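Step one of this worksheet: look at the structure below.
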Amino acid sequence: MDAIILQILNGLDKGSAYALIALGLTLIFGTLGVVNFAHGALFMIGAFCAVTLQRLFTISYETIDETKTDFLGNPAKVQTPYVESWFGPDVGQAVIDWSVPLAILFAIPIMALVGFAMERGLIKHFYRRPHADQILVTFGLAIVLQELIKHYYGANPIQTPAPDAFRGSFDFGVLLGFDPNHIIYPYWRMIYFAFAAIIVGAVFAFLRFTTFGMVVRAGMADRETVGLLGINIDKRFTIMFALAAVVAGLAGVMYAPINSPNYHMGMDFLVLSFVVVVVGGMGSLPGAVLAGFVLGILESFASMNEIKQIIPGIDQIIIYLVAIIILLTRPRGLMGRRGVMEE
Amino acid sequence: MSKLLTRRGVLRTGAVAGAGVALPTIFTAGSASAFVNEPSGSTVTLGFNVPQTGPYADEGADELRAYELAVEHLNGEGDGGMLNTFSSDSLDGTGIMGKKVEYVTGDTQTKSDAARASAKSMIEKDGAIMITGGSSSGVAVAVQGLCQEAGVIFMAGLTHSNDTTGKDKKANGFRHFFNAYMSAAALAPVLKAQYGTDRKAYHLTADYTWGWTQEESIAAATEAMGWETVNKVRTPLAATDFSSYITPILQTDADVLILNHYGGNMVNSLTNAVQFGLRDRMVNGKQFEIVVPLYSRLMARGAGENVKGILGSTNWHWSLQDEGSKAFVKSFGTKYGFPPSQAAHTCYVQTLLYADAVARGGSFNPCSVVEALEGYEFDGLGNGPTLYRAADHQCFKDVLVVRGKENPQSEFDLLEVVEVTPRAQVEYAPDHPMFAGGNLGECNPGA
């Protein structure tokens with residue numbers, strides 16, 4: 001029982017990342033009709049916003065410490081971050097320590113700008129082109145973006161830790177009446193799940209309860225009619241693209257302490273997130289979120305040794321297996337609109 | 001038309017042409033050359049095949065730096081580096097046998113097919129007489145096979161799988177880097193001294209050639225000293241989040257986690273293990289421990305504070321104080337501003353060893369190089385007295401057991417050497433079961 005609870009918990013944080021990326025993908029597909037293969041790269045850029053802010057906070061000035069030597073035997077250069085010098089060691093260290101949460105504020109304008117530039121600079125030229133063209137150009141863009149990141153940040157993963165206060169683990173086992181140390185779950189993963197829930201809730205509320213959201217939903221249902229009413233739907237859809245980029249970016253920022261960011265992390269999530277979108281139903285926002293969590297949990301269960309002993313290698317194919325079954329039995333996905341992907 | 005093109009005529013022409021093609025190329029090449037890419041001018045070209053893109057691109061960049069440094073030193077530029085400490089005096093800074101050393105580079109992408117394609121291109125188009133480099137055992141085995149077929153020497157870069165000089169060994173291939181068996185043999189006594197003999201180990205293993213041989217080697221070594229292996233779990237090479245592989249450990253009575261992972265796998269699995277509180281865990285009254293059999297300083301940076309106190313092994317470390325290591329660190333550090341990695345070290349050494357073998361043998365002919373390197377004893381290149389064993393073309397030398405440093409003094413100061421395990425302790429018979437099944441074969445000069 002404790003193993004099952006643990007895998008559900010594991011699936012929730014994995015599912016959180018899938019859900020947030022798939023939510024952005026669905027927003028873009030639903031509004032602009034574009035299949036955006038560069039969406040994983042936006043997730044990766046978000047994570048590198050956290051890396052960048054951490055580096056900005058640790059920009060240092062050099063002093064020479066004659067009592068120490070460097071690897072060549074010369075007097076050692078000691079680096080002192082400017083934030084420590086400006087605000088004192090304690091406050092400076094706290095600012096560096098909290099760089100990931102603070103990167104949320106840093107990432108929002110950057111991701112919105114990246115999303116805006118992507119849509120206006122490239123994507124808009126492919127609105128009326130076949131999906132295959134859209135996939136090719138966005139996939140190419142994703143490769144360009146990841147190579148740019150690799151050029152400036154290197155190919156190795158970069159450690160971006162959570163604040164000290166959240167580095168420990170919570171013993172769920174004791175809470176649920178099990179032995180201590182049997183169901184342990186890191187604080188930061190709990191925060192990630194809560195953060196994902198808040199973001200998903202905020203996006204839904206924005207679309208549901210604001211006039212802007214209402215117009216966007218109307219545009220998703222019937223773009224032409226909304227246009228005929230004199231509403232500039234293209235402008236709103238551009239904003240939605242930027243919003244989707246921000247959602248993916250924030251998912252990346254908060255994911256940075258879970259696995260050290262590297263230039264390839266967007267590609268690692270991209271294909272799985274597309275499967276999530278297809279399983280949830282192309283264009284269905286609730287479907288994307290539901291499928292994200294369901295597939296995340298299924299993937300976790302498939303990694304259990306007991307399951308792998310029965311079906312070796314199931315952990316690597318479970319998501320695709322589910323996608324095949326869903327597409328065969330319900331081509332429009334779990335919550336897709338009737339007619340979508342069924343013609 | 002029928003007179004011009006008869007069935008018999010076609011068959012006869014085909015047979016003559018076929019016989020011509022089937023003739024050994026050494027006969028058709030005539031007096032042009034005795035072996036593939038025999039240098040005829042005043043220069044000789046080496047092929048550096050390293051990952052310039054992909055997950056090991058940083059390691060590849062460090063390898064390339066080391067190769068450039070080696071070429072400088074061979075051509076008599078710079079401070080000479082380890083040429084000044086090398087036990088052989090056949091290299092005098094005038095290139096190799098008086099020919100200036102030039103080089104071409106290829107990108108392995110850490111993919112076997114891409115690595116073979118780039119090596120083939122360097123041999124066929126650029127005239128490279130020797131191929132060296134790489135950061136993966138899969139790539140090393142693939143390129144070694146290609147070089148054997150093509151008739152050029154392959155001086156392996158970073159490859160740690162037993163198979164490279166085991167079941168996949170080739171006469172034209174040579175490995176300076178240590179292997180999984182040696183890591184296990186060096187680590188086991190230290191693990192015994194630090195953690196005792198009554199331990200239960202849980203293995204997470206990258207599911208490919210290196211992971212399998214690393215798991216086999218370390219499990220055999222730890223079981224021999226009394227440890228029990230609780231479970232061996234294979235993880236996909238493409239895995240990024242290891243939480244679902246790590247949480248089942250909490251359900252067992254394992255008190256040691258052995259991460260047979262390298263590169264990004266190691267960074268993520270170690271980070272996840274620490275996140276799930278394994279290092280704070282007590283099992284059966286014992287502190288839970290994590291072991292990383294193969295360490296890399298470049299990768300350790302990615303894992304940050306998580307490596308502190310964790311034991312592993314490495315082929316070489318810049319903090320070594322022998323004359324060879326000091327000379328190399330000085331050369332490399334002065335030129336690039338930071339200390340070299342173990343990958344850089346092995347690549348630099350391999351280049352010098354190749355050049356030295358050519359000079360001692362008096363020929364660029366691969367068979368002459370093979371003869372010069374087989375059974376060759378040398379010193380002064382950073383690992384103490386070293387033997388290139390003739391039976392499998394594996395270098396035998398001391399192995400370093402290292403630990404993640406608790407109080408690093410700089411961003412490079414991540415590992416501390418716990419023990420220099422003597423060469424005798426990591427030696428094994430050429431027909432050891434973990435290395436069985438291969439055949440070195442005959443050297444191939446190509447042409």
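Dividing the radius of gyration of the alpha carbons in chain A by their Kirkwood radius gives 1.03 for Rg/Rh.
Take every pair of alpha-carbon atoms less than 8 Å apart whose residues are at least six positions apart; their mean separation over the length of the stretch B:181-314 yields a relative contact order of 26 percent. Checking the Cα-Cα distances for B:326/B:397; B:335/B:397; B:120/B:335; B:286/B:308; B:192/B:286 against a 21 Å cut-off, the pairs over it are B:335/B:397; B:120/B:335.
Taking the DSSP beta bridges in chain B as the whole, what percent of them are antiparallel, to the nearest 5? Expressed as a percentage, antiparallel bridges in chain B total about 30. Shape verdict for the stretch A:38-148, please, from the Cα gyration tensor: rounded (a/c under 1.5), prolate (a/b greater than b/c) or oblate. Here the stretch A:38-148 falls in the prolate category. What a 1.4 Å probe finds exposed on the stretch B:181-314 is 47% carbon and sulfur by accessible area, rounded to a whole percent. Projecting the Cα atoms of B:114, B:256, B:184 onto the dipole axis of the protein assembly as shown, where Lys and Arg carry +1 and Asp and Glu carry -1 at the beta carbon, places B:114 farthest toward the positive end. The tail of the calculated P(r) for the stretch A:76-219 beyond 25 Å holds 59 percent of all Cα-Cα pairs. Could you look at the stretch B:43-178 and say what percent of its accessible area is carbon and sulfur, using a 1.4 Å probe and all protein chains? For the stretch B:43-178, the apolar C and S fraction of the accessible surface comes to 45 percent.
Using a probe of 1.4 angstrom and keeping all protein chains present, the accessible surface of the stretch B:181-314 works out to 26 square angstrom per residue. The Cα-based radius of gyration of the stretch B:181-314, divided by its Kirkwood radius, gives an Rg/Rh of 0.91. Partnerless cysteines in the protein assembly as shown, where a partner means another cysteine C-beta under 4.7 angstrom, comprise A:49, B:147, B:347, B:395.
Note that chain A presents 45 Å² accessible area per residue, ligands and nucleic acids not counted, probe 1.4 Å. Given +1 at the Cβ of Lys and Arg, -1 at the Cβ of Asp and Glu and no other charges, the dipole of the stretch B:181-314 around its Cα centre is 280 debye to the nearest 20.
Size descriptor for the stretch A:208-343, Kirkwood hydrodynamic radius: 17.3 Å (Cα pairs only, one decimal).
In the stretch B:254-387, a dipole from Cβ-located charges (positive for Lys and Arg, negative for Asp and Glu) runs towards its positive end, and of B:304, B:381, B:287 it is B:304 whose Cα lies farthest in that direction. Beta bridges per DSSP, both residues in the stretch B:181-314: antiparallel share near 10 percent.
Scalar couplings 3J(HN,Hα) for the stretch B:259-266, obtained by applying the Karplus form with A = 6.51, B = -1.76, C = 1.60 to θ = phi - 60°, are 9, 7, 10, 9, x, x, 4, 5 Hz; x denotes Gly and Pro. Taking every DSSP beta bridge that has both residues in the protein assembly as shown, what percent is antiparallel when rounded to the nearest 5? If we restrict to bridges inside the protein assembly as shown, about 40 percent are antiparallel.
Kirkwood hydrodynamic radius of the protein assembly as shown, from the reciprocal of the average inverse Cα-Cα distance over all distinct pairs: 28.7 Å.
Taking amide H positions as modeled 1.01 Å from N, with prolines and chain starts lacking one, the residues under 5 Å from residue B:281 and 5 or more places away or on another chain are B:288. Between the Cα long axis of helix B:112-124 and the first principal axis of chain B there is an angle of about 40°, rounded to the nearest 10. The GluC sites (Glu not before Pro) of the stretch B:349-443 meeting both criteria, a DSSP state outside H, G, I, E and B (loop) and at most 12 other C-beta atoms within 10 angstrom of the site's C-beta, are B:406, B:411, B:442. Protein heavy-atom surface of the stretch A:221-343, 1.4 angstrom probe: 67% of the accessible area is carbon and sulfur, with nucleic acids and ligands not counted.
Near the amide H of residue B:106, within less than 5 Å, lie the amide hydrogens of B:48, B:49, B:50, all on another chain or at least 5 residues away, with H placed in the peptide plane.
For helix B:180-195, what angle does its Cα long axis make with the longest principal axis of chain B, in degrees from 0 to 90 and rounded to 10? Between helix and principal axis, roughly 10 degrees. What angle do you read, to the nearest 10 degrees and between 0 and 90, between the alpha-carbon axis of helix B:342-361 and the longest principal axis of chain B? Relative to chain B, helix B:342-361 is tipped by roughly 40 degrees.
Look at the Cα gyration tensor of chain B: its axes a ≥ b ≥ c give a/c of at least 1.5 with a/b over b/c, and that counts as prolate. Distance from the C-alpha centroid of the stretch A:263-283 to that of the stretch A:151-224: 16 Å, rounded to the whole angstrom.
Amide hydrogen proximity for residue B:237: with H placed 1.01 Å from N in the peptide plane, the residues at 5 or more positions away or on another chain lying under 5 Å are B:207.
Under 1.5 on a/c is rounded, so check that first for the stretch B:62-215, then, if it is not, pick prolate when a/b is larger than b/c and oblate when it is not; a ≥ b ≥ c are the square roots of the alpha carbon gyration tensor eigenvalues. It is oblate, given that a/c is not under 1.5 and a/b is not larger than b/c. A Förster radius of 22 Å, combined with the Cβ-Cβ distance separating residue B:251 from residue B:223, puts the computed FRET efficiency at roughly 0.50.
The values are calculated or read from the model by the stated rules, or taken from the named source; none is laboratory data. Because the structure is predicted, anything quoted here is derived from the model rather than measured. Backbone-built Cβ (ideal geometry, glycine too); neighbour counts: all protein chains shown. Ligands, DNA and RNA are stripped out before the accessible areas are found, and what is left, the full protein with its side chains, is counted by its heavy atoms. Shrake-Rupley method; radii C 1.70, N 1.55, O 1.52, S 1.80 Å.
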